[in-house]
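Structure first, commentary second.
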């Protein structure tokens, strides 16, 4: 095979990545150029489209609803499913439009209850650990908190599988959400260094932990395997964890909320402290989700990892969700 043939796969891959990046940039331009009401409505229609195109995500959503105590009647599930996908479609448009929103507009759009909890910790100069989840618009939470913190704000993230999407989202977040991401897989040292500088960490803690990676704590009436890394960090640096979120209201504005801090339980044996703190973090997240549950990421297999003593439920894989 000649050298020209050898180069074709690499060239094709490079071209595809460029096209993918250009497509996302074009989508951002469209959302930013359109009037806000039209842009956000388009985002909701995009959510409707994703609902049709992603039947496996619909299966996961319905499986999750059947596993928790949300209390939806059977006839409510379809409308709830539609509301979830529309929320995330609209959120995508909102995030893209961060480029055209000024700091004053963000402050007006996201008034925050309980900011004193954040300010009291931030003013100590030892750094702040904020807890949130895939609730409401977490990128708005990041941008809003950045207005209160002259230093850096770091969302602690997991790498997106598609490297082009990861790089686009990371660059967009740095420019327009004013957050400098730290990858969770880089360990605890970057987190400790940031806190030592008096900076802010934002940790999302509502994703499933694999076997041996977490503890089982209640979440919507069912045990959910939850990472203990946040509790370990809190104990290590002797700092509290402060729950926070930005929830969309019916008029399209947001209700920002900062809850009272959960302090490290240093007087308890380490394993008990990890369990109890993680349970309290998860309880705080659930309390923020319950009033508007359609604004949470039900398409994620939150209850995938099961306790060893629990019989694994029958998978819905391959069944028609419609």
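The values are calculated or read from the model by the stated rules, or taken from the named source; none is laboratory data. Bear in mind the structure is a predicted one, so any value in this text is a computation, not a measurement. Ideal geometry is used to build each Cβ from the backbone, glycine not excepted, and the neighbour counts take in all protein chains shown.
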If the requirement is being surrounded by fewer than 20 Cβ atoms within 10 Å (Cβ to Cβ), part of a helix (DSSP H, G or I) and free of Cβ contacts under 8 Å to residues at least 12 places away in the same chain, which of these qualifies: 175, 193, 232? 193
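Kindly provide the set of residues from the stretch 179-201 that are under 21 Å from residue 140 (Cβ atoms) and more than 16 Å from the chain's Cα centre (by Cα), ordered by number.
Just the residues of the stretch 179-201 that are under 21 Å from residue 140 (Cβ atoms), to begin with: 179-182, 199-201.
199, 200 - these are the residues of the stretch 179-201 that are under 21 Å from residue 140 (Cβ atoms) and more than 16 Å from the chain's Cα centre (by Cα).
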Looking at (1) in a helix (DSSP H, G or I); (2) touching a residue at least 60 places away in the same chain (Cβ under 8 Å); (3) more than 19 Å from the chain's Cα centre (by Cα), can you tell me which one residue 39 breaks? (2)
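Just to be sure, is residue 190 farther than 25 Å from residue 272 by Cβ and out of contact with any strand residue (DSSP E or B) (no Cβ under 9 Å at 6 or more places or on another chain)? Explain how you work it out, then say what you get.
Numbers: farther than 25 Å from residue 272 by Cβ: yes; out of contact with any strand residue (DSSP E or B) (no Cβ under 9 Å at 6 or more places or on another chain): no.
In short, no.
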With the checklist (1) surrounded by 14 or more Cβ atoms within 10 Å (Cβ to Cβ); (2) in a helix (DSSP H, G or I) in hand, flag the one item residue 16 doesn't pass. (1)
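Taking the criterion of being in contact with a helix residue (DSSP H, G or I) (Cβ under 6 Å, 6 or more places away or on another chain), in a helix (DSSP H, G or I) and free of Cβ contacts under 8 Å to residues at least 60 places away in the same chain, would at least one residue in the stretch 98-112 satisfy it? Before the answer, list the steps.
Filtering the stretch 98-112 for residues in contact with a helix residue (DSSP H, G or I) (Cβ under 6 Å, 6 or more places away or on another chain) gives 98-100, 106, 110.
Okay, now just the ones that are also in a helix (DSSP H, G or I), so 98-100, 106.
With the extra rule that they be free of Cβ contacts under 8 Å to residues at least 60 places away in the same chain, the set shrinks to 106.
Yes, the stretch 98-112 contains at least one residue that is in contact with a helix residue (DSSP H, G or I) (Cβ under 6 Å, 6 or more places away or on another chain), in a helix (DSSP H, G or I) and free of Cβ contacts under 8 Å to residues at least 60 places away in the same chain.
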Kindly list the number of the only condition in (1) on the phi > 0 side of the Ramachandran plot; (2) touching a residue at least 40 places away in the same chain (Cβ under 8 Å) that fails for residue 237. (1)
Boolean, residue 211 is over 17 Å from the mean Cα position of the chain (by Cα), loosely packed, with under 14 Cβ neighbours inside 10 Å and at negative phi: yes
So, of the residues in the stretch 113-147 that are touching a strand residue (DSSP E or B) at 6+ places or on another chain (Cβ under 8 Å) and part of a loop (DSSP other than H, G, I, E, B), which turns out to be farthest from residue 198 (Cα to Cα)? 136
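Looking only at the stretch 160-172, filter to residues that are surrounded by fewer than 18 Cβ atoms within 10 Å (Cβ to Cβ) and more than 15 Å from the chain's Cα centre (by Cα); which one of those is farthest from residue 32 (Cα to Cα)?
161
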With respect to residue 217, is the statement that it is over 25 Å from residue 182 (Cα atoms) and modelled with pLDDT of 95 or more true? yes
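Only one residue in 283, 249, 304 is surrounded by fewer than 19 Cβ atoms within 10 Å (Cβ to Cβ), under 24 Å from residue 146 (Cα atoms), out of contact with any helix residue (DSSP H, G or I) (no Cβ under 8 Å at 6 or more places or on another chain) and modelled with pLDDT of 95 or more, so which one is that? Please lay out each step first, then the result.
Details: 283 fails: under 24 Å from residue 146 (Cα atoms); 304 fails: under 24 Å from residue 146 (Cα atoms).
Answer to the check: 249.
Condition check ((1) surrounded by fewer than 22 Cβ atoms within 10 Å (Cβ to Cβ); (2) modelled with pLDDT under 95) across all residues:
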site	(1), (2)
53	yes, no
56	yes, no
74	yes, yes
82	yes, no
86	yes, no
91	no, no
95	no, no
99	yes, no
In the stretch 264-294, how many residues are under 26 Å from the mean Cα position of the chain (by Cα) and part of a helix (DSSP H, G or I)? 19
Looking at the stretch 248-261 only, could you name the residues that are assigned to a strand (DSSP E or B) and either out of contact with any strand residue (DSSP E or B) (no Cβ under 8 Å at 6 or more places or on another chain) or under 17 Å from residue 205 (Cα atoms) (or both)? 257, 258
